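Since the structure comes first, as structure tokens, the remarks are kept for the end.
The values are calculated or read from the model by the stated rules, or taken from the named source; none is laboratory data. The model shown is predicted, which means the values in this text are computed figures rather than measured ones. Virtual Cβ from ideal backbone geometry, glycine too; neighbours counted across all protein chains shown. In case anyone asks, the SASA skips ligands and DNA or RNA and just uses the protein heavy atoms, side chains included. Shrake-Rupley method; radii C 1.70, N 1.55, O 1.52, S 1.80 Å.
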Amino acid sequence: VQPTIHLVHDNTRNIDTILDTLEISQYDKLLLDLGWSSNQFETPERGFSFKHDGPLLMTLSDDPSKAAFTAFDIVNEWSEQSLVDILLGYGEERFARRIAKAIVEYREQASIERTLELAEIVTKAVPGKFRRGPIHPATQTFQALRITANDEMQALREILEKGFQRLAPGGRMVIISFHSIEDRIVKHYLKLKKEEGLATILTKKPITATAGELLENKRARSAKLRILKKI
């Protein structure tokens, strides 16, 4: 029997209303791949990359003008302490205070409008020995701004709970995360459901990519897969 496939363009946090529209009350398996498409990162017009010049947007909204706010709004309007908070919380950036201070000082003279402009500000803000290496010094700053602009962590919490609610008894939920912040939220949620007696965890430790998989796709190096089974 050929399965029925529904392609839906929407935010995963709206899974309950999507399923209602499709008249699907339960399912046996749910796979959440929290990764981003490399095409999204590498399209300059979306403003996600510090490697290509583009507008400071970083929103997944098809129409940025309808987004609650963009990366431009964050770096040009938010307070210095708010910048520190998101850089620490969502970027785990060790030089958060230096970077936030540099952003605020720069924007007092002119607004920060382009991705490469911001990347240069960040690079100059970190100590010299950290400006050269395999990881670009703006990596964690751009991650923090992207997560904030798209409300990713709250969306993740919502899809985990809503997804679990629709899961049939005995059903499995598989989640692939790509950075430690996401993984902590997933790990905590699975542990909570286990403690509530509502689920069992089928992965004592997260499953990671094999050496062969990494040769084919080096971006899988940070991927962690965890599995929950609903009781």
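Counting only aspartates and glutamates at least 8 places from residue 124 when in the same chain, those with an alpha carbon closer than 13 Å to its own are 105.
So which GluC sites (Glu not before Pro) in the stretch 181-213 end up in coil per DSSP with only 16 or fewer other C-beta atoms within 10 Å? The partial results should precede the final answer.
Working: sites: 182, 195, 196, 213; in loops: 196.
Within the stretch 181-213, the qualifying GluC sites (Glu not before Pro) (loop, at most 16 other Cβ atoms within 10 Å) are 196.
Of the GluC sites (Glu not before Pro) found in the stretch 89-162, the ones in coil according to DSSP and having at most 15 other Cβ atoms within 10 Å of their Cβ are 92, 108, 113.
For the options 151, 28, 20, a Gaussian network treatment of the chain with springs between C-alpha atoms closer than 10 Å singles out 20 as fluctuating the most. Of the cross-linked pairs 66/229; 51/218; 162/204, those separated by over 26 Å at the C-alpha level are 66/229. The packing ranking, built from the mean of other Cβ atoms within 10 Å per residue, places the peptides 125-134, 57-66 in the order 57-66, 125-134, highest first.
What the stretch 34-118 shows is 54 Å² of accessible area per residue, with the surface traced by a 1.4 Å probe over protein heavy atoms.
How much of the accessible area of the chain, in percent, comes from carbon and sulfur atoms when a 1.4 Å probe is used? All intermediate terms of the calculation are to be shown ahead of the outcome.
On the way: 7090 of 13690 Å².
With neighbouring chains kept in place, the figure for the chain is 52 percent.
When each of the peptides 216-225, 47-56 is scored by the mean number of other C-beta atoms lying within 10 Å of its residues, the order from highest to lowest reads 47-56, 216-225.
With 0.36 nm allotted per residue and the present C-alpha distance subtracted, the residue 51-residue 184 stretch has 45.1 nm of extension available.
Within straight-line reach of residue 224, meaning a Cα separation under 12 Å, sit the following aspartates and glutamates at least 8 residues removed in sequence or on another chain: 33, 182, 183. For the chain, modelled as a GNM whose springs connect Cα atoms under 10 angstrom apart, the maximal fluctuation among 115, 141, 17 occurs at 17. Rg and Dmax, both from the Cα atoms of the chain and both in Å, are 19.6, 64. The DSSP beta bridges internal to the chain are antiparallel in roughly 65% of cases.
Here the scattering of the stretch 1-105 is modelled by Debye summation over its C-alpha atoms, one equal scatterer each and no solvent; at q = 0.18, 0.22 Å⁻¹ the log10 of I(q)/I(0) is -1.05, -1.27.
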